[in-house]
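Where a number appears in this text, it was derived from the coordinates with a stated rule and is not lab data. Please read all numbers here as calculations on a predicted model, not as lab measurements. Glycine also receives a Cβ, built like all others from the backbone with ideal geometry; neighbour counts cover every protein chain displayed.
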Amino acid sequence: MRRSEFLRAVEHEFPGRTSALLNDLVLSPLAGQTSTEALAAGVPPRDIWLALCAEMDVPENRRHGAGRLEPRKR
């Protein structure tokens, strides 16, 4: 997962709350860092996404493939 996919996934799953979740929510699985701090520290976006999903009780079926754009049609 790329950083852009991570940010798209957060906005899609939590519309209107992206900034607050990224900057204020402390994620226990990431040593008590926020998502923004974890990104700055070099934690892979996929790990942050999964930690955020776990913290916010996002169902398993909405965690995988999130943030990806639809393939271009040829």
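Do you know which residues across the stretch 6-16 are in contact with a helix residue (DSSP H, G or I) (Cβ under 7 Å, 6 or more places away or on another chain) and either part of a loop (DSSP other than H, G, I, E, B) or crowded, with 17+ Cβ neighbours inside 10 Å (or both)?
Quick first cut of the stretch 6-16, residues in contact with a helix residue (DSSP H, G or I) (Cβ under 7 Å, 6 or more places away or on another chain) only: 6, 9-11, 13-14.
F6, A9, V10, E13, F14, listed by residue number.
So for the stretch 19-33 (the condition being closer than 15 Å to M1 by Cα and in a helix (DSSP H, G or I)), does at least one residue qualify? Checked against the condition, which is being closer than 15 Å to M1 by Cα and in a helix (DSSP H, G or I), the stretch 19-33 yields no hits at all.
Tallying residues that are under 19 Å from D57 (Cα atoms) and either touching a strand residue (DSSP E or B) at 6+ places or on another chain (Cβ under 6 Å) or surrounded by fewer than 12 Cβ atoms within 10 Å (Cβ to Cβ) (or both) within the stretch 20-42 yields 6.
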